[in-house]
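Written out below as structure tokens is the structure these notes cover.
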Amino acid sequence: MIEVKRMSERKDAEARVTPEKKKFSRNPRTVKVGAEPQGSPSGTKRAAASVAHERSKTTTKRRPAIIREPAVIKRLEQASAMQKITSNGTIAAAVMVVAALLAVAAANSQFYEFFLEALEAPIGAVLGPFSIQLTFEQFINDFLMAVFFLLVGIELKYETTVGQLRKPRQAMLPMLAAVGGVAAPALIYMAFNMGGAGEIKGWAVPIATDIAFALGVMSLLGDKVAPETKVFFQTLAIADDILAILVLALFYGQTPQIQWCAATAVTIVILWGLNRAKVYSLKPYMAVGAFLWYFMFMSGIHATLAGVILAFFLPARSDVRLSNLRDWLGRQASELDDRYDDNAHVLGQHDFTEAAVAVERVMHHVTPPLERAERNISVLVNFVILPLFAFANAQVRFVGSDFGSILANPVTQGVFCGAVFGKPIGIIAVTFLLVKIGFAKLPKNVTWDQIIAVGIMGGLGFTMSILISGLAYADPFDVMSAKVAILLGSVAAALLGILFVELYGLFKNRGEGEGSAQE
């Protein structure tokens, strides 16, 4: 799931949209505020300006650099290279895989007891009348994962505002396919565990797709998977996230504590008030969000959902009139030029620095709070929180365990078969049915073989599945069995998905080659 984020796949789709649609892009390099057709008077002026800009490129090298210190330039280049790495969804997924493998290795080593003691280490905090006591494992699973859910909520709000979910009719096919991809695994799990054979409460463990893993695996296939298929899969996974969040909220909370539920409701009203008052600073939202998490934790509602709730109250608009920004910057540039003194040290140019700070404040507010929050937490989530979660929760100990009993456990069989077989059955069957009855059409360049690949890779479940497994089972043996099934199912879904795409492409190319030879 995540994506989070996940961002590189969205950029592939953005690169293929028409110029008229690019003004909705999140990529600052492609944003066009109020773009007009070139045939219009304004469009003609912009075209002329573009030609002038192209001509000016020959003189760009002669312009003085705005940063003159070589050490600073080098650091900026290194930061840019690091940003490319941290924005790569495949690398983020690989880091989480490594963390999970390290967890399995640690669980079967002489350091296992040490890691268990570390996870049980107490953590406490006191703020006035509010106090809380957690173990380190609870801190990861309940608090840090709330930050992950904040990123998930941001992604959902983006998609419902300007993304794939903005047009329900367009997104209806992958969204309904996601419903099939949730229902079929749950039914298969229950078939293995009904009648007292196993723990029926774990029906939701195999329903979730980990978008980070799934898109990471799909990206390994390169152009063998059409960008439109990746968009279809991403939309399906987002709908899957919504369903998993609803399931988590409705079925896996504790007995609600009325007084804390009331405090949670008041906090949500405060967030709504901040949004209605058009508060565009992030700090008030984050402060109120911290109290929201605390109240939800104390109420018995799963506290990670505080992140999703907070995300939906973060403003998605800028408090700066973008249509007037260019003219304002022009005036500010002239003012800065008037105030600048070539002969004075920068510390003595108070008027100049005050004007520069004013520009800095305005430019900071150009980016909506929703996107600012995403920038602040995305690297933390993808490269710290999720790997830490994987390491803390993927510790499956085989030493001294009866692996045969684990495989014979209905929980293991239900989770594995639900993910590996239920996901593709549900996704493919619902998609096929909706297309055949004429309710929807496959998106352009999306073929049935790629729908099958999407269905198979939908069985890649990790983050949400492991989180639900820790809530669904009281018996540690069932928890370990579910985790084994999740790990084996994810590996199987990834390998089967890659194998299917490769073999289909091989047979397709061979068939085309034989056809051309006969001609």
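The set of residues in the stretch 229-273 that are among the polar types (S, T, N, Q) and closer than 14 Å to GLY458 by Cα comprises THR229, GLN234, THR235.
For the stretch 403-416, the set of residues classified as among the polar types (S, T, N, Q) and assigned to a helix (DSSP H, G or I) consists of SER405, THR412, GLN413, listed by residue number. Just one of the listed residues (GLY198, GLY163, GLY153, GLY181) is in the same structural domain as ALA311 (by TED's automatic domain parsing) and touching a Pro at 6+ places or on another chain (Cβ under 7 Å), and it is GLY198.
Checking every residue in the stretch 152-167 against the condition of being at pLDDT 90 or above, crowded, with 17+ Cβ neighbours inside 10 Å and within 25 Å of ALA92 (Cα to Cα) gives at least one match. Residues that are in the same structural domain as PHE139 (by TED's automatic domain parsing) and among the acidic types (Asp, Glu) were ranked within the stretch 358-405; the one that is surrounded by the fewest Cβ atoms within 10 Å (Cβ to Cβ) is ASP402. If we only count helices (runs of 4 or more DSSP H) wholly inside the stretch 417-500, which ones have 1 or more residues that are under 25 Å from GLN170 (Cβ atoms)? Here the list reads 423-436, 448-457. Being among the hydrophobic types (A, V, I, L, M, F, W, C), outside any helix (DSSP H, G or I) and crowded, with 17+ Cβ neighbours inside 10 Å is not true of LEU144. Surrounded by 22 or more Cβ atoms within 10 Å (Cβ to Cβ), under 29 Å from VAL446 (Cβ atoms) and of a type in the set (A, V, I, L, M), is that true of ALA184? Criteria met by ALA184.
Going by the conditions given, is MET218 crowded, with 24+ Cβ neighbours inside 10 Å and on the phi < 0 side of the Ramachandran plot? Taking the combined requirement at face value, the residue satisfies it. Looking only at residues in the stretch 268-307 that are more than 23 Å from the chain's Cα centre (by Cα), assigned to a helix (DSSP H, G or I) and small (Gly, Ala, Ser), the one that is farthest from TYR252 (Cα to Cα) is GLY273. Only a single criterion out of (1) farther than 21 Å from THR160 by Cβ; (2) not in a loop (DSSP other than H, G, I, E, B) is not satisfied by THR255, namely (2). Among the residues making up the stretch 190-238, those that are assigned to a helix (DSSP H, G or I), over 26 Å from ARG166 (Cβ atoms) and of a type in the set (D, E, K, R) are LYS201, ASP223, LYS224.
The values are calculated or read from the model by the stated rules, or taken from the named source; none is laboratory data. It should be emphasised that the depicted structure is a prediction, and the values quoted were computed from it without experimental measurement. We place every Cβ from the backbone using ideal geometry, glycine too, and count neighbours over all the protein chains shown.
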